[in-house]
């Protein structure tokens, strides 16, 4: 079959409880989505896999969870107040607001008019206020963070001093960020509220280029390790014109999110970015009495975030390598990549979600062949309870066995365990494989070991 488009995944996601439109009973809210019972499990699996790979499986990464609302000066000195903008235009005919940099042919995609206003900068940060008299106090203005990275930079010394780390080392964080996007859309691909998985890796100047390439290669491999096809991934080297002002080099890992587009270059979009941010962030947040010309710099900051090397007795600002990925986009890529269709012996087309075992929301479904037989039901429920400490298992008797199999295939459950009449005699069950539909008879006493051996590494 051809690759699914996002609309196919939207239908599956709502039908099976992965993602729902937010506030739907009140007409919804543009670009806001709620993760359902299966979606929250899938997203949790993404977070857990990333954290395990990034923090637990390495010996040079620490974790952090910084505040969503930070001192306004953080965003002043990071440059976000002044430069974190998109070029905004209005269509004079239909009044639609658009991002100027996304208009390839210079006309409104809503009505086709070319009667557009001149581009003007639009700051993407959400504003709010703190305090009981907040709205009357201009000093109470704060922002919801547009990225998690700055929370790591301002805690650089805290982590360095409490963990007693030496370069190179990293600080990882998973958390919500907020951007008032002009044109969000394409399901969970671009939303105003999203979750980032970021790590800032601090290295000595001169060692940054090698470290950057190593992280590009490692991140590219990680997406394959969680089940995304290499054929649907590519590395995109950002040209100088696209680089952020602080970046020395940035490589995006792109996914084929839009296979239906005729222009093949537009099939791809960013899944993850790996940037060499140089020493910009630690310098800009540091207290520096004066520059080379004697002018005071950043007098609001109370700390110098430079690093003192005990061996060389030198003080400098580390360079930073930043791998940054979104939970939302990773979930979407996993759903798109896993989607497949298969025809059964009756000529019926069935959807199979071939998720990597570690990503599957449910690992094992235990099904009774006859729900009106107390002995079969009791045995099935007992098996389900015995599996719960090991993997995410469910019991389901809400349909015939064929429909139950089809339902579990569609939500990506790797194995179905069926308890039948013969099970009461031989203490064995039928284990069905999601991807091949092959079945094997297994003793109940051997079932935990059998299933754990079948699961992919990292489950």
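The values are calculated or read from the model by the stated rules, or taken from the named source; none is laboratory data. Bear in mind that the values here come from a model prediction, so they are computed numbers and not experimental data. Because the Cβ atoms are built from the backbone with ideal geometry, glycine has one as well, and the counts that use them run over all protein chains shown.
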Hey, among 79, 131, which residue is within 25 Å of residue 149 (Cα to Cα) and touching a helix residue (DSSP H, G or I) at 6+ places or on another chain (Cβ under 9 Å)?
79
By residue number, the members of region 419-459 that are touching a strand residue (DSSP E or B) at 6+ places or on another chain (Cβ under 6 Å) and part of a strand (DSSP E or B) are 419, 428, 429, 430, 431, 432, 439, 440, 441, 442, 443
What do you reckon, is residue 361 more than 24 Å from residue 227 (Cβ to Cβ), at pLDDT 95 or above, buried (at least 21 other Cβ atoms within 10 Å of the Cβ) and in contact with a helix residue (DSSP H, G or I) (Cβ under 6 Å, 6 or more places away or on another chain)?
no
If we keep only residues of region 269-278 that are touching a residue at least 60 places away in the same chain (Cβ under 8 Å) and surrounded by fewer than 21 Cβ atoms within 10 Å (Cβ to Cβ), then the residue nearest to residue 194 (Cα to Cα) is 269
Which members of region 245-259 meet the condition of being part of a loop (DSSP other than H, G, I, E, B) and at pLDDT 90 or above?
246, 247, 248, 256, 257, 258
Given (1) in a helix (DSSP H, G or I); (2) without any contact (Cβ under 8 Å) to a residue 40 or more places away in the chain, identify the lone condition not met by residue 131.
(1)
Give region 183-195 a look and list any residue that's in contact with a strand residue (DSSP E or B) (Cβ under 7 Å, 6 or more places away or on another chain) and either surrounded by fewer than 19 Cβ atoms within 10 Å (Cβ to Cβ) or over 24 Å from residue 101 (Cβ atoms) (or both), or say none.
183, 184, 192, 193, 195
Working only within region 383-418, note down all residues that are surrounded by fewer than 20 Cβ atoms within 10 Å (Cβ to Cβ) and part of a loop (DSSP other than H, G, I, E, B).
388, 389, 390, 391, 392, 396, 397, 398, 399, 400
Got a sec? Which of 172, 218 is in the same structural domain as residue 312 (by TED's automatic domain parsing), closer than 30 Å to residue 18 by Cα and either without any contact (Cβ under 8 Å) to a residue 12 or more places away in the chain or surrounded by fewer than 16 Cβ atoms within 10 Å (Cβ to Cβ) (or both)?
218
Somewhere in region 201-213, is a residue within 18 Å of the chain's Cα centre (by Cα) and assigned by TED's automatic domain parsing to the domain that holds residue 174?
no
For region 303-318, name all the residues that are in contact (Cβ under 8 Å) with a residue 24 or more places away in the chain and either surrounded by 13 or more Cβ atoms within 10 Å (Cβ to Cβ) or assigned to a strand (DSSP E or B) (or both).
305, 306, 307, 309, 316, 317, 318
Tell me the residue from 380, 365 that is under 20 Å from residue 443 (Cβ atoms), touching a strand residue (DSSP E or B) at 6+ places or on another chain (Cβ under 8 Å) and part of a strand (DSSP E or B), please.
365
If residue 170 satisfies all but one of (1) within 20 Å of residue 84 (Cβ to Cβ); (2) part of a strand (DSSP E or B), what's the number of the condition it fails?
(1)
Only residues that are modelled with pLDDT under 85 and under 25 Å from residue 305 (Cβ atoms): list them for region 115-151, please.
139
If I filter region 109-116 for residues that are in contact with a strand residue (DSSP E or B) (Cβ under 6 Å, 6 or more places away or on another chain) and under 18 Å from residue 181 (Cα atoms), do I get at least one hit?
no
